[in-house]
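Heads up: the structure comes next, in structure tokens.
Values in this text are rule-based calculations from the coordinates and carry no lab data. Here the structure is a predicted model, which means the values were calculated and not measured. Glycine gets a Cβ as well: all are built from the backbone with ideal geometry, and neighbour counts include every protein chain shown.
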Amino acid sequence: MKTILVIEDEPTIREIIIEFLEDVDFKVISAENGARGIELAVAHTPDLILCDIMMPELDGYGVLTHLRSHPQMATVPFVFLSAKADKPDMRQGMELGADDYVTKPFTRAELLNAVNSRLDKQATVSKHYRHKLDDLRSSISYSLPHELLTPLNGVAGLSDYLKESHQTIKPDEILEVAELINRSAQRLTRVVQNTLLYARLHLLTQEAVTPQEYLHDRLEQSDPVIAKVAQKTAATANRVADLTLQLDPAPVRISESNLMKIVEELVDNACKFSEPGSPIQIISQLQSDRFILEVSDCGRGMTPAQVTDVGAYVQFERKFYEQQGSGLGLAIVRQLVQIYNGNLVIDSEPNHHTIVRVSLPIN
């Protein structure tokens with residue numbers, strides 16, 4: 001049974017609304033003023049709130065402003081009841097976060113239609129985000145442990161081998177095992193560093209203002225930085241022969257380390273999700289007052305829905321493809337680009353190509 005909170009200072013109107021709602025099996029709680037309405041809302045977390053605008057002491061706008069600042073109440077549908085329904089009043093309410101208006105006098109059908117339509121919409125939105133949350137939980141529960149345990153198992157297994165075979169193993173075999181252990185350790189280190197970086201950037205991107213530490217970042221010549229990181233990342237994947245660079249010596253408003261991180265993650269993804277022997281192209285150039293970086297590959301590609309869902313710990317079709325990665329790379333790139341007031345666009349066609357385009361300001 002859905003719970004509706006009615007906040008109305010006129011007793012007669014309040015009783016009529018309660019009767020309308022209870023007749024169709026809603027549970028109704030009511031308040032005679034704004035302050036009491038806020039108390040009941042926080043105490044009961046109703047499924048929807050009907051609130052009069054014109055009330056003494058605390059009007060409907062004040063109630064809405066207070067409740068929208070409360071995390072528990074931020075998404076509860078809020079419908080105004082008002083004899084005033086001209087455009088400025090409606091605009092003010094919508095800007096504060098109201099979901100709908102019901103103009104007095106209203107009929108039983110008008111009130112119930114407004115209530116049911118808002119509840120139906122809320123149910124659809126909630127279902128959508130529950131599905132997204134379930135997908136995220138599934139991705140985290142699979143991807144992150146896999147990314148942590150795989151290199152740890154490599155380190156443990158190879159070190160056990162050295163312990164058990166140290167008397168008979170040859171020097172060249174020791175070197176080979178040591179290199180494999182080092183590779184596993186580097187992979188584990190990167191997962192941990194990316195996880196910590198993602199968490200830090202996520203907090204920064206919640207701020208309305210660019211953090212001071214990023215305000216004065218500037219790189220006068222980007223091409224040597226891009227070339228160095230791209231070639232190193234491609235070499236790790238044995239894909240240097242597939243790499244083509246077309247780089248302008250352009251300035252960009254970003255730190256060298258953060259540009260390196262963007263290039264590393266984009267090239268790593270291009271190597272990971274395309275076949276050896278297929279081309280990977282990197283282009284950087286100036287367009288008007290923007291720095292443009294494009295990384296393209298002719299690999300697996302993504303559907304429009306997958307492009308929309310790109311985020312941390314999301315690995316598409318992992319059950320069909322054996323692949324490394326926690327899905328943090330593009331999420332980190334997106335956060336870094338956002339901090340520097342840039343744009344990230346992904347153009348992808350399944351089984352054909354993926355082009356990731358980063359646009360950053362010069363000044």
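Note the full-extension length gain between GLU275 and LEU215 as 0.36 nm times their separation in residues minus their Cα-Cα distance, in nm to one decimal. Don't skip to the end; give the middle numbers.
Details: separation 60, 0.36 × 60 = 21.60 nm, distance 3.93 nm.
Answer, rounded to one decimal: 17.7 nm.
So how do 115-123, 227-235 stack up, highest first, on mean other-Cβ count within 10 Å?
Numbers: 115-123: 15.6, 227-235: 17.9.
Per-residue mean Cβ counts within 10 Å order the peptides as 227-235, 115-123.
Using a ≥ b ≥ c from the Cα gyration tensor of region 243-287 (square roots of the eigenvalues), is it rounded, prolate or oblate, where a/c under 1.5 gives rounded and otherwise the larger of a/b and b/c decides, a/b for prolate?
Details: a/c = 3.57, a/b = 1.58, b/c = 2.26.
It comes out oblate by the Cα gyration axes.
How many nm separate the modelled label positions at SER126 and LYS27, each set 7 Å beyond the Cα in the direction of the Cβ?
Once both label points are built, they end up 1.2 nm from each other.
Run the paramagnetic zone check for GLU10: 7 angstrom along Cα to Cβ, then residues of region 39-80 with backbone nitrogen under 17 Å.
Residues 50-57, 59-61, 80 qualify, since their backbone N sits under 17 Å from the label point.
Given labels modelled 7 Å from the Cα in the Cβ direction, how far is it in nm from ARG200 to LYS104?
Between ARG200 and LYS104, the simple spin-label model gives 5.6 nm.
Can you tell me the order of 338-351, 39-52 when each peptide is scored by its average per-residue count of other Cβ atoms within 10 angstrom, highest first?
On the way: 338-351: 15.6, 39-52: 19.2.
So the order, starting with the most tightly packed, is 39-52, 338-351.
If you stretched the chain out fully between ASN182 and GLU256, how much longer would it get, using 0.36 nm times the residue separation minus the C-alpha to C-alpha distance? Provide the component values of the computation, followed by the final result.
Values: separation 74, 0.36 × 74 = 26.64 nm, distance 2.61 nm.
Taking 0.36 nm per residue and subtracting the Cα distance, the gain is 24.0 nm.
Between LYS228 and THR65, how high is the FRET efficiency from 1/(1 + (r/R0)^6) when r is the Cβ-Cβ distance and R₀ = 51 Å? Nearest 0.05.
On the way: r = 52 Å, r/R0 = 1.02.
Given R0 = 51 Å and the Cβ-Cβ separation, E is 0.50.
What full-extension length gain, to one decimal in nm, is calculated for ALA235 and ILE169 as 0.36 nm per residue of separation minus the Cα-Cα distance?
Details: separation 66, 0.36 × 66 = 23.76 nm, distance 2.91 nm.
Answer, rounded to one decimal: 20.8 nm.
Which shape class, rounded, prolate or oblate, goes with region 201-298 when its Cα gyration tensor gives a ≥ b ≥ c as root eigenvalues, a/c under 1.5 marks rounded, and past that a/b bigger than b/c marks prolate? Don't skip to the end; give the middle numbers.
Numbers: a/c = 2.32, a/b = 1.64, b/c = 1.42.
In terms of gyration-tensor shape, prolate.
Show me 66-73, 264-271 ranked by packing, highest mean number of other Cβ atoms within 10 Å first.
Details: 66-73: 14.1, 264-271: 23.8.
Taking the mean over residues of other Cβ atoms within 10 Å, the ranking is 264-271, 66-73.
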